[in-house]
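For reference, the structure is listed below as structure tokens.
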Amino acid sequence: MSHDHEEHVREHDKPLSGPALRVKALESLLVEKGLVDPKALDAIIDLYETKVGPHNGARVVARAWTDPGFKRRLLTDAAAAIDEVGFGGQEGEDMVVLENTPKVHNMVVCTLCSCYPWPVLGLPPVWYKSAPYRARAVIDPRGVLKELGLLLSEDVEVRVWDSTAELRYLVLPERPAGTDGWTEERLAALVTRDAMVGVAKVLPPKAAAG
Amino acid sequence: MNGVHDMGGMHGMGPMEIEKDEPVFHSRWEARMYALQRAAGFHGRWNSDMSRFSRERMPPADYLAATYYERWLFGLQTLLVEQNLVTAQELATGRAATKADESAVLRASDVAALMRGRSSARLAAEVPPRFKPGDSVIARTINPAGHTRLPRYVRGRRGTVHIDHGVFTFPDTNAMSRDPKPQHCYSVRFGARELWGPQVAARDSVYLDLFEDYLDAA
């Protein structure tokens, strides 16, 4: 038996670690008490792993780039406009869309917890929920952006939106050059989660491909 | 409460790291934990402000050392016991002493409708606004020991009302006594220098959504 194989076997036999064990015990208890149906848990997980995610928000952005009437509605009554595309629900009931321009850069944070627009972006990534982002986004947004590879010139105004209440924010990034005549579907493929939180720009097609 | 969860403006938290192709959940227990919170919440024993407050009460050293879903585990265990869905004894032993009424349990077939449903904190109550866009305001210097959504970094600072979002549930009372205390919530703009001093860019700003009870006229 090779060393690698032994390691592999041990990995599988390893008992569950702290939180995994405690969550499993809690689930067993709640199921035994009749408070929770494990099949409902499977359905919730499936929803956020396979259906709801930033691809939803990307479609909203791409439509705003190609349909001026939709963009107007999106910037004035965001939740209603997003509903037109087929998205909405928990943690997206009251939405605000912020338009990035060559002169104004918006970025979104939740310094107190992890508020995030689930229907259009899915569940937040670790960096958004992490102490460095929550601590620094409001006091040093330019430093945070620079660390993430986005260097803004001094004449760009930075607006940071701290999601302290029940409003949920989505950034409408600038449409990149070199995409004239593109379809909504093709544009949506360029739009990233990070651009819709406001910590990145949507890259032009050549850079995105590279 | 003046807890470590109120992180805005703190130093020493380290560099930004964005994981490439990050999965929605990093392990099965995180996924189960997320789903347990949603399914247990379906019983209607607590509101989202109570959920947030349950996580904020994690002891500060533990909170900082914990991963995100470990905080959720702490919060859910706290709520289950406080709201009498589970006893402390049951939690300690992992064995159910009594059975709950199963008629109100979330089923898989209800999940899509639940998550697509609208449970807005916006209220229909007719409450006249004290402020309007363009008004100068000062965020109150208050230090509630309970739940609040007024971060420390903005208390005592002067800002300008940007938008009146309308009437919403007030988290501070909703978390502590389920009193929605309907009131206007405003987007308030604070100049970066008002918050952080002369070193930061003069043209930059931070917008917070602040409830009327957090604000005085300036």
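Tell me which residues, restricted to segment B:21-36, are crowded, with 17+ Cβ neighbours inside 10 Å and either at pLDDT below 95 or not aliphatic (A, V, I, L, M) (or both). Passing the criteria: B:Phe25, B:Trp29, B:Glu30, B:Arg32, B:Tyr34.
Does A:Leu35 count as outside the structural domain of A:Arg186 (by TED's automatic domain parsing), at pLDDT 95 or above, hydrophobic (A, V, I, L, M, F, W, C) and not in a helix (DSSP H, G or I)? Step through it out loud before you land on a result.
Details: outside the structural domain of A:Arg186 (by TED's automatic domain parsing): yes; at pLDDT 95 or above: yes; hydrophobic (A, V, I, L, M, F, W, C): yes; not in a helix (DSSP H, G or I): yes.
Criteria met by A:Leu35.
Going by the conditions given, is A:Ser153 within 14 Å of the chain's Cα centre (by Cα), of a type in the set (S, T, N, Q) and in the same structural domain as A:Trp65 (by TED's automatic domain parsing)? No: the conditions fail for A:Ser153.
For first residues located in segment B:59-74 and free of Cβ contacts under 8 Å to residues at least 12 places away in the same chain, partners that are of a type in the set (A, V, I, L, M) and lie 6+ apart or on another chain with Cβ distances below 6 Å do not occur.
Filtering segment B:164-188 down to residues that are more than 8 Å from chain A (Cβ to nearest Cβ) and either touching a Gly at 6+ places or on another chain (Cβ under 6 Å) or among the β-branched types (Val, Ile, Thr) (or both), which residue is farthest from B:Val127 (Cα to Cα)? Break it down stepwise before answering.
Of all residues in segment B:164-188, those more than 8 Å from chain A (Cβ to nearest Cβ) come to B:164, B:166-167, B:170, B:172-184, B:186, B:188.
Checking the rest, the ones that are also either touching a Gly at 6+ places or on another chain (Cβ under 6 Å) or among the β-branched types (Val, Ile, Thr) (or both) come to B:167, B:173, B:176, B:188.
Values: B:Val167: 7, B:Thr173: 17, B:Met176: 22, B:Val188: 19 Å.
Checked segment B:164-188; the qualifying residue farthest from B:Val127 (Cα to Cα) is B:Met176.
Of all residues in segment B:1-24, those that are under 22 Å from the mean Cα position of the chain (by Cα), within 7 Å of another protein chain (Cβ to nearest Cβ) and of a type in the set (A, V, I, L, M, F, W, C) total 4.
Applying the criterion of at least 3 residues that are farther than 21 Å from A:Ala135 by Cβ to the strands (runs of 3 or more DSSP E) found wholly in segment B:125-214 leaves B:136-139, B:158-168, B:183-191.
For B:Gly75, are the conditions met, namely being of a type outside the set (Ser, Thr, Tyr), closer than 18 Å to A:Gln90 by Cβ and touching a Ser or Thr at 6+ places or on another chain (Cβ under 7 Å)? Yes: the conditions hold for B:Gly75. Only one of the listed residues (A:Thr183, A:Thr192) is within 30 Å of A:Cys110 (Cβ to Cβ) and among the polar types (S, T, N, Q). That residue is A:Thr192.
The values are calculated or read from the model by the stated rules, or taken from the named source; none is laboratory data. Only a predicted model underlies this, so the values are computations on that prediction, with no experimental measurement involved. As a convention, Cβ positions derive from the backbone with ideal geometry for all residues, glycine included, and neighbour counts pool all protein chains shown.
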